[in-house]
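The values are calculated or read from the model by the stated rules, or taken from the named source; none is laboratory data. Being a predicted model, the structure only gives us computed values, none of them experimental. FYI the Cβ positions are ideal-geometry reconstructions off the backbone, even for glycines, and counts take in every protein chain you see. Keep in mind that these areas ignore ligands, DNA and RNA; they rest on the heavy atoms of the full protein, side chains included. Shrake-Rupley method; radii C 1.70, N 1.55, O 1.52, S 1.80 Å.
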Amino acid sequence: MMAGRDGLSGSDRFAYLQGLVTEFQDADSEEAKEQILANLANFAYDPRNMEDLRTLQVTELFLDMLTEENQNLVEFGIGGLCNLSMDQESRNQIVQTDGVPLVMGCLSSPRDETVLSAITTLMNLTTATSHSQTTNGSVVLCMLRFSLSENPRLRNLASVFLQDYCTEEQVEKAREHMQGHIQSAVGIPLPDNKPFLDSSQP
Amino acid sequence: MASSEECSVWKTPKVYKHHEQQSVCYTRPKYREGRRLRAVKVYTINLESRFLLVQGVPAIGVMTELIQLFALYGVIEEYRVLDEYPAEQFTEVYLIKFQKLTSARAAKRNTDEKSFYGGLLHVCYAPEYETVEDTRQKLQDRRRYVNRVCQNKVKQIDLTNEKSITPSCSNTLRAPIPQNEEEEYGYEHNGQNSNTSCYSGVPLLPLPPQEGHPPSKGALRDRIFPAEDKMGSLHQFTDTREQPTVCLKQDSFSHGNRPASGKTFNPTPSVRFMPRPAHLESRKRKMEDKEDTSLDVTDNIAPIIGPKLPEPPKIDMEDESLNITANLIRNKITKIATVPELKPAEKNTTTPKPRRRI
């Protein structure tokens, strides 16, 4: 049992991950669920596992977690997506399964870690085709607000997003909106124990 | 709303949630439990950083020792005491900025929860000290790394598919590639949560002198090159190959003991520390050795009288292509040297010169 992971060959690893997924689906207690989910999300950090995790449809499992009420599950789920979306194929899988709105929903989480993972995930998901979706008006506006945050991590990450993933026009437009007090709900922390509701477009 | 004035990286000492040590999880079933108990936590690139926050350093003036300890894991760019950071009584908090994320990762892994001059260190990442540029770079590096590994894997699979189309072969091929990568990137994270069982087998501690390059490559170079370059006689190379490793050990040792004079610890190859006369001497001897071997390979046991000096038999240029070039030149020289022309004798006449005083 204590065999090192590095000793695991490909098929053993796959079997182990598969076991985890099954166990997650059968788990009754929230605590066990959290543990297994965190486990899977950490496995997603290692590029060696990404293919197996895709095969096991862990991408969708993570996405499902984003609408959970338990904030721990949301945090671990988006953490897993943040790790997984670094890889191009996983990225495509997330975009194709309409993951972008779900990830955007995490921007409104009351937890910093969840919001940070969501921003990084959105960056990873941004491609020529998904650009209009990942950097829509409300997201840019939200990033603009984050870039003024007191939390330096949030501020930095939002700045990178604005500088590298948005056009100047987009940012300028969002600035005008902000001055004109036309707000969007994205990125404003929701009160606890309420699932995410889709924000209205500005 | 105040963002521009307080941008200085070395300000704003605040306690963030991720600085606190989370309580470890006791309810994990045995098979999912690692060697060490860990908190339930997901690691992402956002949590990692080149900045480390070191808490619990006894306030007894051991800064030098602390920085020496951390410098074992890589080049430190900056460090300072965080006077304003709330610390426990009689302890100090330090902020250390590494040149590379991999170094910070290795340092954290090896020093967290270790005792240090009677105190227990708590080491965590401090990404809030990053600048926007640091953050950008960190994300780009990570993306690049993941893509490289994934592409390698795809290539490897393609290759083996061409060779044989057995479905079960995937496990044999997957293992070897990433292992290299792993050393290069210095994995930590998978194990971080609960499956620690998993990775602790990897000897992660990198050799400090090799900071510039991935450690594995450095080690490989030392191994492979001496064997490759002098193709003539394998006889000698068995011991040339051992020598570099010895040197490395000494070097890393002295590296750790050197007083922290500056802020950065520049890794220097051991060869440079050799006094000049000894250096010339060794070079001369090498030339002679070469001549001997090229003339008569079997005879080379005879001329060695007395114990051999532990000097590196060959200068490592610290770069593959430089090594190749150096070897070419060396070989040329030995070829020329076979024509009886007494170069060592010439040198003997030149070296005593500085001794002429008066």
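Here is a yes/no grid of residues against (1) at pLDDT below 90; (2) within 12 Å of chain A (Cβ to nearest Cβ); (3) surrounded by fewer than 21 Cβ atoms within 10 Å (Cβ to Cβ):
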residue: B:Ser115; (1), (2), (3): no, no, yes
residue: B:Leu120; (1), (2), (3): no, no, yes
residue: B:Ala126; (1), (2), (3): no, yes, no
residue: B:Tyr129; (1), (2), (3): no, yes, no
residue: B:Arg136; (1), (2), (3): no, yes, yes
residue: B:Asp141; (1), (2), (3): no, yes, yes
residue: B:Leu173; (1), (2), (3): yes, yes, yes
residue: B:Ile177; (1), (2), (3): yes, yes, yes
residue: B:Asn180; (1), (2), (3): yes, yes, yes
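The residue pairs whose first member lies in the range A:162-180 and is assigned by TED's automatic domain parsing to the domain that holds A:Met143, whose second member is charged (D, E, K, R) and open to solvent by 50 Å² or more (accessible area, probe 1.4 Å), and whose beta carbons are closer than 8 Å, counting only pairs six or more residues apart or on different chains, are A:Met178/A:Arg145.
Could you check, for the range A:11-27, whether at least one of its residues is modelled with pLDDT under 90, surrounded by fewer than 20 Cβ atoms within 10 Å (Cβ to Cβ) and part of a helix (DSSP H, G or I)? Within the range A:11-27, one or more residues are modelled with pLDDT under 90, surrounded by fewer than 20 Cβ atoms within 10 Å (Cβ to Cβ) and part of a helix (DSSP H, G or I). Residues that are closer than 27 Å to B:Glu20 by Cβ, part of a helix (DSSP H, G or I) and open to solvent by 10 Å² or more (accessible area, probe 1.4 Å) within the range A:95-114 comprise A:Asp112, A:Glu113, listed in sequence order. Given the criteria modelled with pLDDT of 95 or more and more than 7 Å from every other protein chain (Cβ to nearest Cβ), does A:Leu8 qualify? Judged against the criteria, A:Leu8 is not a match.
Using beta carbons and a limit of 7 Å, which pairs, at least six apart or on different chains, have the first residue in the range B:142-155 and under 21 Å from B:Thr44 (Cα atoms) and not assigned by TED's automatic domain parsing to the domain that holds B:Lys100 and the second one assigned to a helix (DSSP H, G or I) and among the charged types (D, E, K, R)? Matching pairs, first to second residue: B:Val149/A:Arg48; B:Val149/B:Glu181. Just one of the listed residues (B:Thr44, B:Thr27) is buried (at least 22 other Cβ atoms within 10 Å of the Cβ), modelled with pLDDT under 95 and either assigned to a loop (DSSP other than H, G, I, E, B) or not hydroxyl-bearing (Ser, Thr, Tyr) (or both), namely B:Thr44. Which numbered condition in (1) open to solvent by 10 Å² or more (accessible area, probe 1.4 Å); (2) in contact (Cβ under 8 Å) with a residue 12 or more places away in the chain; (3) within 9 Å of chain B (Cβ to nearest Cβ) is the only one that A:Asn39 fails? The failed condition is (1). Among the criteria (1) out of contact with any Lys or Arg (no Cβ under 7 Å at 6 or more places or on another chain); (2) β-branched (Val, Ile, Thr); (3) buried (at least 21 other Cβ atoms within 10 Å of the Cβ), the one A:Thr127 does not fulfil is (3). The residues listed here are A:Thr59, A:Thr22, A:Thr55; of these, the one that is more than 8 Å from every other protein chain (Cβ to nearest Cβ), over 19 Å from B:Thr44 (Cβ atoms) and in contact (Cβ under 8 Å) with a residue 40 or more places away in the chain is A:Thr55.
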